[in-house]
Structures are given as structure tokens and as C-alpha cells.
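The values are calculated or read from the model by the stated rules, or taken from the named source; none is laboratory data. Predicted model, so just to flag it, every value in this text is computed and none were measured. Every residue, glycine as well, gets a Cβ built from its backbone with ideal geometry; the counts of neighbours run over all protein chains shown. Each accessible area value is taken on the protein alone, full model and side chains, heavy atoms only, with ligands, DNA and RNA left out. Shrake-Rupley method; radii C 1.70, N 1.55, O 1.52, S 1.80 Å.
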Amino acid sequence: MQLKDKSLNGVVQTFTLVDSTLTQQGFKRCGKVDAVTYQLNIQDSATQSMYTLIIPTRLESSSSSSPFMVRIGKPLLKKDGRTHKLKPSLKIPESILSAVQSKIAEIADYLQVQK
């Protein structure tokens, strides 16, 4: 399920800043430098369902004279580790959506303050 929050989508920062911020927030890095995704597992204690917040990035520039810049893509939310996107009709608990939106807003604040 693509999330509606636009505060993080399209942010461009150095790979080092993005990587350190997300890993310090508990995300696991997956993929190669030109297309890294960051994943954070969130468990719903009421239903025991596992949700994964995925934040994709892509290499924006690779000039040898400047640091690697990455653009953050649209965050995605998946359920129970399945590789398919959640269907819009699938009900996501409000507590999970709230936690995800708070996490995205927190990360956006970290990355945009340090421009």
C-alpha cells in the first residue's frame, strides 16, 4: 500500500545522511547503492500481524567531486512479509497507520532539518 504522506517522498540528501538516519531509526538496508531500500518491521500486538514499512531510494548523482546523492521514493507498507502490495480494500489497523505516519514524519524532520 502506497502511503499518502508526501513529506518524505522526493527528498534528496547525501547517501551517508539518509543511510545513517534510517539505520539509527531501526531500518534494515537492502539492495545496492544505486537502488537501496530500507525496511522496518512493525508488529500489531492485537492481531500478531507483521507489517513492513519500506522506504525506497535511488541514486540521484554520482559525480566524483560531490557526495552520492539519493532521492527518497514513496514509502510502502506491506503485510506479513509478502512481496505483493497491499490491496487498498485491505483494512490496516489505525494504530499501525498512525505509527507509520509518525515514523515517516520523524524521518522527514531529521532529513530536512539537516539540508
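General remarks:
- The set of residues from segment 29-45 being open to solvent by 90 Å² or more (accessible area, probe 1.4 Å) and more than 25 Å from residue 14 (Cβ to Cβ) comprises 41, 43, 45.
- Screening 86, 90 for residues that are part of a loop (DSSP other than H, G, I, E, B), open to solvent by 30 Å² or more (accessible area, probe 1.4 Å) and at pLDDT below 70 leaves exactly one candidate, 90.
- Residue satisfying all of: in segment 23-43; in contact with a strand residue (DSSP E or B) (Cβ under 7 Å, 6 or more places away or on another chain) and outside any strand (DSSP E or B); modelled with the lowest pLDDT among these: 33
- Checking every residue in segment 57-64 against the condition of being surrounded by fewer than 16 Cβ atoms within 10 Å (Cβ to Cβ), closer than 12 Å to residue 78 by Cβ, at pLDDT below 95 and touching a strand residue (DSSP E or B) at 6+ places or on another chain (Cβ under 6 Å) gives zero matches.
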